[in-house]
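Readers should treat all values here as calculations from the given coordinates under stated rules, not as data from a laboratory. Just so it is clear, the structure is predicted and the values come from calculations on it, not from any experiment. Quick reminder, even Gly has a Cβ in these numbers, built from the backbone with ideal geometry, and neighbours come from all protein chains shown.
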Amino acid sequence: MRYKQKRRLKIAFIVGVIALAIFLYSFYGINLGLDLEGGAHIVLQAQETEGRTIDRETMAGIVSVIERRVNELGLSEPVIQTEGSDRIIVELPAVDNPSEAIQTIGRTAMLTIRNPEGEVLLTGDRITDARASYDEHGRAVVSFQLDREGSREFEEITRMYMGQRIGIYLDDEQLTNPTVQSVIRDQGQITGYANVREAEEHAILIREGALPVPVEVMESRTVGPTLGAIAIQQSIRAGLIGLALVALYMIFYYKFPGILAASSLIIYGIVMMGTLAGLQAVLTLPGIAGIILSIGMAVDANIIIFERIKDERNSGKSIRAAIDAGFKRAYITIVDANVTTLITASILAYFTTGAVRGFAVTLIIGILVSMFTAFLITRSLIDVFSQSSMIQTEQSFGANRGVQQNV
Amino acid sequence: MFNFDSSKLDLMGKRKIWFIVGGAVVILSLLSLLVFGLNLGIDFAGGPIIEFSFAEEVTTEDVRGVLTEVGIAEDATLQTTTEDEYQGIIIRTGELAPDEIEQVENAVLAEFSGAEVLRTDMVGPTIGEELRRQALLALLVAGLAMVAYISFRFEPKFAITTLATLSHDVIFTVGIFALLGREINTAFVAALLTIVGYSINDTIVIFDRIRENMKLYRKMPFIEQANRAVVDTLPRSINTSMTTLVAILAIYFFGGAAIRTFMLALFIGLAVGTYSSIFVASPILVSWDIRSKAKAKS
């Protein structure tokens, strides 16, 4: 192929890569993590009870109850998944009152009706529906419906404890303890709520059923939308300032090739965003840190290449030969350095969870993209301009022909 | 521009000085760790942390008053955070149940109009334990994998030297954090791992040049091959650390409180990482080579 054709091909390649990245970015967008977007991240652990061990069925039961509760709370786009053998991770973007939601989600919510001695007579399994409403005195109440078996038992209970006080409990919290005044069959009311909102919260718990086993909140992290917005804004500003300073340094030191390196850094940024979007990766604050590190390594790759080219020029080679030899020699260095970091990052991604993992995953993607831009984009850019007088000049690449180093 | 002449700049000949500096750094760091200990954040120690922002001027004493009403003031520590965008207060306490956390939030929100909950984190004690175990396991496996790769691409002694250099960097960074009393959190762990990655990168770049010189100048003594490699890669070392450190400083000052600890650790670690690849890793290799050759002769 003639030089001009090669050159056209290289320009087309660069433009194509940029276009693909921009397409991916605008098509898929970047998913922001809860720490940037705001929301709650909750880790629950199922607790074994005497009657029930933790197995897949129990876990599936917990997940389905939590799913229904979350839906009833009207929270959008929840993610509920199990982790390991006994953990459930609940992620709630856009939750107004996370602390309240965490309590509702994590509560066992076993409804029991107990006799004056505290023995359990009937459990909430028999309840088919529960709704918040007002009674005839205008007080907030929860009205519940029992199934056929439950109705029969409730009838018996009310007959047996006529004139005595029975207690209605949610877990160990006594909701009410009315005196039985008549035989009741299929429905009842729980009173004693300060307002209808409290009643609604309990109605959800009773209606959607109890968790098969209690869960403990192991970890909860909630970020308000304000903090998330500030974090995004600050990271972007800091990233841009950092990038600009790096670009200025490169241009000051390496002259025209420095401009090419700065351009390839900008292309790196675009390709990185496109790749993250295409992979549907979730960007978190530690993830941004991973990107920052990979930018550092991308810059380093450029510096290694330029220093090699400079060495080759100092040893008396022509610019074309120096570029060829410089890339060839820098290639080994960059691959060895990057592969060692890749190994570390992959092991981290495999062995850890949460924040550290988020960091490792973006670092892996970042290193791969940075090698891609260093070897293909920077190379093509330099090749495209290799005939230009701006690269041919003595000062480019920071070369100094007066000092002969590699004789 | 930076141009150095390896025949005039004899870095490896002065390696005794570098060993003394390196040894002193490691001993002082370990001492600082022993004397001051680490300030473990909730990621490791567990417990809740609640951060509020306020529309008006609010002091920690005002907030402490509210906490007294809720009854958790005794083991609560309060800290103000000042950012361009908001002024806030961070509350740390002993373990709290989810409903107690909500109580605290509601009490503060009711007392100060325009107050907002910025974040509420609660970490159980087992999570911190797990994080520690995971991080250590990951570091161990990563270390072994690295040794394997470097032994394969270079020689086993390069791998061992890299590990020693990395330990130097990690111990120094942890020691400085102990000295400064800065909080150790997940971000710090991520930073340490980044430092390890960067330091490997830096060390390998120089080792790569040593490896090349070993082929290029066969007759030259190892000490000269190594010195030439270190001096010839100096411009690259300086430029790379300058650009990276400048970028990190920018993020430290403009990136907000959330990543400041991370950036500080990175700044310290990357600076020491660049230093150690020149003044720790290569001198160890040179001394190792001289000793093994002396042994072979006798």
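Just a few scattered comments:
- In terms of packing, defined here as the mean over residues of other Cβ atoms within 10 angstrom, the peptides B:12-23, A:65-76 line up highest first as A:65-76, B:12-23.
- Pairwise alpha-carbon distances in chain A exceed 30 Å for 58% of all pairs.
- A simple packing score, the average count of other Cβ atoms within 10 Å per residue, orders the peptides B:154-161, A:181-188 as B:154-161, A:181-188, with the highest score first.
- Taking the C-alpha atoms only, the angle from helix A:225-254 to the longest principal axis of chain A is near 10 degrees.
- Mean per-residue shielding of peptide A:348-359 is 6, counting Cβ atoms of other chains within 10 Å of each Cβ.
- Principal-axis tilt of helix A:285-314 within chain A, Cα atoms, nearest 10 degrees: 10
- Pairs beyond 29 Å (Cα-Cα), from A:Lys255/A:Lys317; A:Lys4/A:Lys310; A:Lys6/A:Lys317; A:Lys328/B:Lys14; B:Lys16/B:Lys293; A:Lys10/A:Lys255: A:Lys328/B:Lys14
- If you wrap the tightest convex hull around every Cα atom of region B:47-123 and split its volume per residue, you get 77 Å³.
- Each of B:Val205, B:Asn185, B:Pro221 was scored by the projection of its Cα onto the charge dipole of region B:131-260, and the greatest displacement toward the positive side belongs to B:Pro221; charges sit on the C-beta of Lys, Arg, Asp and Glu.
- Relative contact order computed over region A:39-222 (Cα-Cα under 8 Å; 6+ residues apart), in percent: 32
- For region A:237-268 versus region A:205-224, the gap between their alpha-carbon centres in whole angstrom: 49
- Charges were assigned to the Cβ only: +1 to each Lys and Arg, -1 to each Asp and Glu. The resulting dipole of the protein assembly as shown about its Cα centre is roughly 6640 debye.
- Scanning chain B for DSSP H helices at least 18 Å long along the axis (C-alpha atoms) with a Kyte-Doolittle mean no lower than 0.0 picks out B:15-36, B:125-153, B:156-180, B:186-216, B:234-254, B:260-276.
- Across the options A:Ala203, A:Ile343, A:His41, the greatest Cα extent toward the positive end of the charge dipole of chain A (unit charges at beta carbon of Lys, Arg, Asp, Glu) belongs to A:Ile343.
- Rg ratio for region A:299-381: its Cα radius of gyration over 2.2 N^0.38 Å, N being its residue count, equals 1.33.
- Each of the peptides B:226-232, A:30-36, A:352-358 was scored by the mean count of other Cβ atoms within 10 Å over its residues; in descending order, highest first, they stand as B:226-232, A:352-358, A:30-36.
- For the residues of B:127-133, the average number of beta carbons from a partner chain within 10 Å of their own beta carbon is 3.
- Within 10 Å of the Cβ of each residue in B:230-240, the mean number of Cβ atoms contributed by other protein chains is 5.
- Relative contact order for chain A: 21 percent, from Cα pairs under 8 Å spaced at least 6 residues apart, divided by residue count.
- For the protein assembly as shown, the equivalent ellipsoid built from the Cα gyration tensor has semi-axes of 62, 27, 23 Å, listed from largest to smallest.
- Equivalent-ellipsoid semi-axes for region A:39-222 (Cα gyration tensor, √(5λ), whole Å, largest first): 31, 19, 13.
- Stokes-Einstein D for chain B, Kirkwood Rh over Cα pairs, 4 °C, 1.567 mPa s (µm²/s): 59
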